[in-house]
1. Looking for something in contact (Cβ under 8 Å) with a residue 12 or more places away in the chain and within 26 Å of residue 158 (Cβ to Cβ) - is there at least one such residue anywhere in segment 414-424?
2. I need a count of the residues in segment 344-391 that are surrounded by fewer than 23 Cβ atoms within 10 Å (Cβ to Cβ) and hydroxyl-bearing (Ser, Thr, Tyr).
3. Can you tell me which of (1) in a strand (DSSP E or B); (2) crowded, with 23+ Cβ neighbours inside 10 Å is the one residue 187 doesn't meet?
4. Sort through 366, 394 and tell me the only one that's part of a loop (DSSP other than H, G, I, E, B) and touching a Lys or Arg at 6+ places or on another chain (Cβ under 9 Å).
5. Looking only at residues that are free of Cβ contacts under 8 Å to residues at least 40 places away in the same chain and either of a type in the set (S, T, N, Q) or not in a helix (DSSP H, G or I) (or both) in segment 256-281, which one is nearest to residue 394 (Cα to Cα)?
6. Taking the condition of being under 21 Å from the mean Cα position of the chain (by Cα), part of a loop (DSSP other than H, G, I, E, B) and surrounded by 18 or more Cβ atoms within 10 Å (Cβ to Cβ), how many residues in segment 208-243 meet it?
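The values are calculated or read from the model by the stated rules, or taken from the named source; none is laboratory data. Just so it is clear, the model here is predicted, and its values are computed rather than measured. So basically every Cβ, Gly included, is an ideal-geometry build from the backbone, and we count neighbours across all protein chains shown.
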Amino acid sequence: MVKENCGVVGIHSLDGVNVIPMLIDSLRALQHRGQEAWGIAVPNKSPLKKLGLVSSSASEFKKISMEYSSASAIGHVRYSTIGKSNIDNAQPLKVRDLCVAHNGTISNVEELSNVVGGCSFTPQNTSDTMIAAQRLVSLIKEKGQMSKALSILKNEMIGSYCFTFLSDDTSVYAARDPCGFRPLVLGEKNDGRVHIVASESSAFSAIGAELIRDVSPGELIKFSKNGIESQSFSEDKTHAHCSFEFTYFAHPTSKMEGTNIYVARKRIGKYLARKFPIKDADLVIPVPDSARPAALGFAQELGVPFDEGLLKDRYSKKGPLRSFIEPHQTDRIEINRWIIPIREIIENRHVVVVDDSLVRGTSSKAIIKALRKAGASKITMLITYPPIKFPCYAGIDFPSQDELATYIDDKKYSEEEIIENVRRDIGADFLGYNDPENLANAIGIQKDSLCFTCTTGNYTSLGITPVFKTREEMKGEVQ
């Protein structure tokens, strides 16, 4: 089945301004959330969907803006955690008179498919977004209102979700799941009296819009000729905001749950330095790009020089892309091959390398090998995110245990022994991970309001007891 941690946008102009140019710019500003495909939808038309980066279609922007001219629209950039990278799996999707774009993962999609008569459901032939949309449309027809339909669907549907919807009557809707796993924010632009909802506030900066606030967990927003309307479809007060957003996924310029991401990452680095006060370090360097603020915070806290010892070759085909969200291992390796060390900066020095996460170990192993070759005398690697030991079923691409660097199918090993095993595997002299308490304190959100399921294996917030499968099974590649 197709599941995603993507970027969504919904936009509406009260003055009837064509919002498509703004929608495209907003999607470009969310490109870090998905590199595989993108799409837009306007009322009374089939959605437009394209493979690759938004910018790859730059020569068509003028034509698209004219052909799909509309005062209301939704858009989507795709990063698949489950499902194959093809145009059929791109979004938005249309079910009758409702277009849908989704960021998240519906964990009980097989069960939900039976409710909508989808007994023929297989991972190869449909998506969790399509099943949820079909059920929602059915409930709207039965109950007459989006909010009433969602209040029922949220009890039937388990998982993480931020939806944007577009109806053929030109109304734009946005809904965030009751736990707030994935981010969603509300903004406005005075020119054209434009209202906008998006996964991150970086989308607003791209079009000169202002952030109003986070969409609350369990809230439904509606944009129409009547302006902004808000309703709650859930009263659940238990939140589980994705902690991985703060260390890696979100754009550093974005503001999320009242916290600027760059400031939070820099503070994470400072707290990491208090946990690992490396006394003999000569230099602190980041793994580009998302670890840069944390590395700077770490260096400032310890008074150790900070420098750019690793640089991405942004002129190579895949150099500018993010390796973690590439769907194939060969592509991740190709991206990491274009992270190049600067010998003159690191030679004969004890280098502290700060990275945002260590999931499969692909990046870390390649980077440490390159630093050794460039003459580093000692390499300490510090990770701003705790050890990832369990699959994520809330929209991040580590769906199987056997691909995780810290997974060992033997309960007798302690966490220290597991970390030592990873250290040997990647080739570092020392490896240190952050812990959930330290990370939560640095972010400034209570630990109980953050999701650490991939670290703890406690899936209570998602309401599931998962059956762990291989990547091939999760991707639908096992016949």
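1. No, there is no match, as no residue in segment 414-424 is in contact (Cβ under 8 Å) with a residue 12 or more places away in the chain and within 26 Å of residue 158 (Cβ to Cβ).
2. Count: 4.
3. Only one criterion in (1) in a strand (DSSP E or B); (2) crowded, with 23+ Cβ neighbours inside 10 Å is unmet by residue 187, namely (2).
4. 394
5. Top of the filtered list is 260.
6. Of the residues in segment 208-243, 5 are under 21 Å from the mean Cα position of the chain (by Cα), part of a loop (DSSP other than H, G, I, E, B) and surrounded by 18 or more Cβ atoms within 10 Å (Cβ to Cβ).
Table: residues versus (1) under 19 Å from residue 104 (Cα atoms); (2) touching a residue at least 24 places away in the same chain (Cβ under 8 Å); (3) of a type in the set (Asp, Glu).
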| site | (1), (2), (3) |
| --- | --- |
| 12 | no, yes, no |
| 19 | no, yes, no |
| 34 | yes, yes, no |
| 38 | yes, yes, no |
| 44 | no, yes, no |
| 47 | no, yes, no |
| 53 | no, no, no |
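Residue-by-condition table, conditions (1) of a type in the set (A, V, I, L, M); (2) modelled with pLDDT under 95; (3) closer than 16 Å to residue 441 by Cα:
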position: 196; (1), (2), (3): yes, no, no
position: 204; (1), (2), (3): no, no, no
position: 221; (1), (2), (3): yes, no, no
position: 228; (1), (2), (3): yes, no, no
position: 232; (1), (2), (3): no, no, no
position: 248; (1), (2), (3): no, yes, no
position: 253; (1), (2), (3): no, no, no
position: 257; (1), (2), (3): no, no, yes
